[in-house]
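Asker: Got a structure here, written out as structure tokens. Questions coming.
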Amino acid sequence: MKGIFEERYRMPVEKRDGTAVTRDIEAASGRYLDLMRKQEHRPPKMAYFEDMVTGAGRCEEIRTFRASGGKVIGLFCNFVPEELIIALGGVPLRLCSGAYPAVSAAEELLARDVCPLVKSSFGLRLMGVSYWDLVDLVIMPTSCDAKKKCSRFFNNLGPTWTLDLPQSKDYDKNLPIWVEEIRALKEKLEGFFGKKLTKEALADAIRLVHKRTEVFRRFHDLRKQNPRVISGRDTLLAIQSSFYDDPKRWTANFTALTDEVEAAMPTAPKEGGPRILLTGAPVVWPNWKLLNTIEEAGAVVAADTLCSGTNRLFDPVEVDEWTYDGMLRALAVKHLFPSICPCFIENAEHIDRLLELAEDFHVDGVIYHNLRLCQLFDMEYNHVSAVLKKKGVPVLNITTDLSPEDEGQIRTRVEAFLEMLGERI
């Protein structure tokens, strides 16, 4: 596989003390969770997913797993097939972070004008905080310049591989190249784990993850209905707990949550405020300021197109032939072509997806979230905005970072937008 950093280029980097940062993250998480727990009609099953994102119990499980010889693989974005890691007996952990307290530590080594999500993720790895201290290997897709260049800094803290993405989703041209990239990743993982990936194990892993997708799609369809039985912020919290949880256990608990939501719908009150479609850059726990601002103001995030949200779980692996090559090809297709990430030259699918969701979920407006210094999503906004406005869908652009300092400004702009939507309803 291309893009693997060599050991001889690794520079020793001293890890930082993460005690104070851990305390600050726990305080921020607690503040947002307290707000969410005050919601009326909140499903009791959400308590499980809170425990998973805050991490203490699951971290201890993973430490025990590693002590017994197990391997843990850190991932970024949605392009790395978790199924390969699961099939080899490993634990995949997605390492995208929205923790602002970790940014300052990362800025000691990274440039200040770098994506805040990348800085936060690197800062947690640098300080060995929570899940970021438990990985034996990091796989970094080349989905943006910040991640591409930051791979070398991650490599100073432990083995880091890059996964080379095609520049476009030209099916005929780039599928063969991408299949070979996934095959090369499989072979490198076999070497890392010290065993061969069997066809049976891969098939079992694909079916396991497929069940996760099935229950999520059922939940997704329930949210098209009007009764407000679960908020958008709880939905994203439950989704992001899958970054860290055992897939089988997460599926069982999410099935229980979905059953609870479905059972509550006949008696749940109707929504009174605007229905919002959230799109743009990822919103990652514990950076819940935009979600809380929207829903504390009386609206509901009814749907999203975030790679940290619906797009993580929505698309299944569709296997035509359960041969080794057929399964690898299916994995390659699933982890590239449904993506609406702006890292690709053309991204018409993003517009198509937005318009489809706006109609299916009866949304009143779109809020476009952009992380400061992320040129990809920033440049995408004008096109998205023009198409939505042409279709008569109001859109608000919020450019922010992970800092809490602009919460007041965001609240003012969101409330004004929601007031305008309320006049239209």
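Every read-out reported here was derived from the displayed coordinates using simple, explicitly stated rules and does not represent laboratory data. Quick caveat, the model's predicted, so the values are computed rather than measured. Don't worry about glycine lacking a Cβ; one is built from the backbone with ideal geometry, like all the others, and counts go over all protein chains shown.
Asker: Pick from Arg372, Arg329, Arg353: which is most flexible by mean-square fluctuation in a GNM of the chain where alpha carbon atoms under 10 Å apart are linked?
Answerer: Result: Arg353 has the largest fluctuation of those listed.
Asker: On to the next question. What is the helix-to-structure angle for 171-193, meaning the angle in degrees between its Cα long axis and the longest Cα principal axis of the chain, kept from 0 to 90 and rounded to the nearest 10?
Answerer: 60
Asker: Take peptides 16-23, 89-96 and line them up by average Cβ neighbours within 10 Å, highest first, as a rough protection proxy. Can you show the working numbers first?
Answerer: Numbers: 16-23: 15.5, 89-96: 20.8.
Answer by packing, highest mean first, reads 89-96, 16-23.
Asker: Another question, if that's okay. Express the Stokes-Einstein translational diffusion coefficient of region 295-371 in µm² s⁻¹, to the nearest whole number, given a Kirkwood radius over alpha-carbon pairs, 37 °C and a viscosity of 0.692 mPa s. Write down the numbers at each step before the final one.
Answerer: Numbers: Rh = 14.6 Å.
In µm²/s, the coefficient rounds to 225.
Asker: Only bridges with both residues in the chain count here: give the DSSP antiparallel percent, nearest 5.
Answerer: Numbers: 2 of 28 bridges.
Antiparallel bridges: around 5 percent, rounded to the nearest 5.
Asker: Which GluC sites (Glu not before Pro) does region 213-268 hold that lie in a coil by DSSP with at most 14 other beta carbons within 10 Å?
Answerer: Details: sites: Glu214, Glu260, Glu262; in loops: none.
Those that pass, being in a loop and sparsely packed, number zero.
Asker: Pick from Trp161, Trp288, Trp322: which is most flexible by mean-square fluctuation in a GNM of the chain where alpha carbon atoms under 10 Å apart are linked?
Answerer: Among Trp161, Trp288, Trp322, the largest mean-square fluctuation in the Gaussian network model of the chain belongs to Trp322.
Asker: Beyond 29 Å, what share of the Cα-Cα pairs of the chain is found? Please give it as a whole percent. Walk me through the numbers on the way to the answer.
Answerer: Values: 39552 of 90100 pairs.
Beyond 29 Å sits 44 percent of the P(r) for the chain.
Asker: Who wins for biggest fluctuation among Arg152, Arg112, Arg275 in a Gaussian network model of the chain, springs between alpha carbons below 10 Å?
Answerer: Sorting by GNM fluctuation, first place goes to Arg112.
Asker: A further question on this structure: Provide Rg over Rh for region 49-128; use the alpha carbon set for both Rg and the Kirkwood Rh (inverse mean inverse pair distance).
Answerer: Details: Rg = 14.2 Å, Rh = 14.0 Å.
In region 49-128, Rg relative to Rh is 1.01.
Asker: Report the full-extension gain for the segment Asp221 to Ile177: residue separation times 0.36 nm, less the Cα-Cα distance, to one decimal in nm.
Answerer: On the way: separation 44, 0.36 × 44 = 15.84 nm, distance 3.47 nm.
Gain in length upon complete extension: 12.4 nm.
Asker: Measure nothing fancy, just the Cα-based angle from helix 232-241's long axis to the longest principal axis of the chain, in degrees from 0 to 90, nearest 10.
Answerer: It works out to around 10 degrees.
Asker: Could I ask something else about it? Counting each DSSP H run of 4 or more residues in the chain as -39500 (n - 2.57), what helix-only mean residue ellipticity at 222 nm follows after dividing by all residues, to the nearest 500 deg cm²/dmol? Show your work: numbers first, answer last.
Answerer: Details: 17 runs with 218 residues, N = 425.
Estimated from H runs of four or more residues: -16000 deg cm²/dmol.
Asker: Test of the criteria: in region 43-139, which GluC sites (Glu not before Pro) are in a DSSP loop and have at most 10 other Cβ atoms within 10 angstrom of their Cβ? Don't skip to the end; give the middle numbers.
Answerer: On the way: sites: Glu50, Glu60, Glu61, Glu82, Glu83, Glu107, Glu108; in loops: Glu107, Glu108.
Counting only loop positions with at most 10 other Cβ atoms within 10 Å, the GluC sites (Glu not before Pro) in region 43-139 are Glu108.
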